[in-house]
1. From the list A101, A106, exactly one residue is open to solvent by less than 60 Å² (accessible area, probe 1.4 Å) and hydrophobic (A, V, I, L, M, F, W, C). Which is it?
2. For T34, indicate whether it is open to solvent by 30 Å² or more (accessible area, probe 1.4 Å), polar (S, T, N, Q), part of a helix (DSSP H, G or I) and under 30 Å from G6 (Cα atoms).
3. Provide a single number: the residues in the range 3-31 that are in contact (Cβ under 8 Å) with a residue 24 or more places away in the chain, closer than 30 Å to W74 by Cβ and surrounded by 12 or more Cβ atoms within 10 Å (Cβ to Cβ).
4. Give the residue, chosen from L111, L71, L78, that is under 18 Å from the mean Cα position of the chain (by Cα), within 22 Å of R15 (Cα to Cα) and either surrounded by 14 or more Cβ atoms within 10 Å (Cβ to Cβ) or of a type outside the set (D, E, K, R) (or both).
5. Within the bounds of the range 52-64, is there any residue that is among the acidic types (D, E), assigned to a loop (DSSP other than H, G, I, E, B) and open to solvent by 40 Å² or more (accessible area, probe 1.4 Å)?
Amino acid sequence: AILPAGATVLCPQARHARPELAEGLRAGGLIASTVVCYSNVPPPRPDATALAAARTADAVYFAAPSAADRLYAWLPELVDLPWIAIGPTTAAAVSSRHGHAPVAVAQTPRLADVAAALHAAVAPLGDRP
């Protein structure tokens with residue numbers, strides 16, 4: 001059912017959430033309230049074994065711009081690897097922050113679309129000598 005104009009919608013979100021969802025709901029005549037219910041904080045630096053394994057990657061998949069920021073801070077040499085984004089918002093943010101476009105972007109965050117984007121991006125890597 002579609003909510004009638006004036007209906008109240010609660011939007012639980014992260015401390016650094018973008019405002020577009022609540023703004024869009026308000027523009028559509030709803031009363032949108034936001035509440036911060038979690039904060040995205042950096043984890044500790046991965047151990048040497050995990051970092052060594054990461055250095056063997058042929059491509060990188062990002063589901064959030066903060067993941068790219070953290071990975072590139074830990075392993076700046078990976079910034080030139082081909083990368084895949086979960087969607088256009090992540091693609092635009094990572095591109096603008098780190099200087100190059102993704103090789104593929106999932107059409108939606110659905111698993112099938114993410115898998116299709118990953119496959120399309122890494123399939124050509126199998127042709128390398």
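The values are calculated or read from the model by the stated rules, or taken from the named source; none is laboratory data. What you see is a predicted model, and the numbers here were worked out from it, not measured in a lab. With ideal geometry, Cβ positions are generated from the backbone for all residues, glycine too; neighbour counts draw on all protein chains shown. Ligands, DNA and RNA are excluded from the accessible area calculation, which covers all protein heavy atoms including side chains. Shrake-Rupley method; radii C 1.70, N 1.55, O 1.52, S 1.80 Å.
1. On the way: A101 fails: open to solvent by less than 60 Å² (accessible area, probe 1.4 Å).
The conditions single out A106.
2. Numbers: open to solvent by 30 Å² or more (accessible area, probe 1.4 Å): yes; polar (S, T, N, Q): yes; part of a helix (DSSP H, G or I): no; under 30 Å from G6 (Cα atoms): yes.
In short, no.
3. 2
4. Numbers: L111 fails: within 22 Å of R15 (Cα to Cα); L78 fails: within 22 Å of R15 (Cα to Cα).
The unique qualifying residue is L71.
5. First, pick out the residues of the range 52-64 that are among the acidic types (D, E): 58.
Filter once more, so that each one left must be assigned to a loop (DSSP other than H, G, I, E, B): 58.
Adding the requirement that they be open to solvent by 40 Å² or more (accessible area, probe 1.4 Å) leaves 58.
For the range 52-64, residues among the acidic types (D, E), assigned to a loop (DSSP other than H, G, I, E, B) and open to solvent by 40 Å² or more (accessible area, probe 1.4 Å): present.
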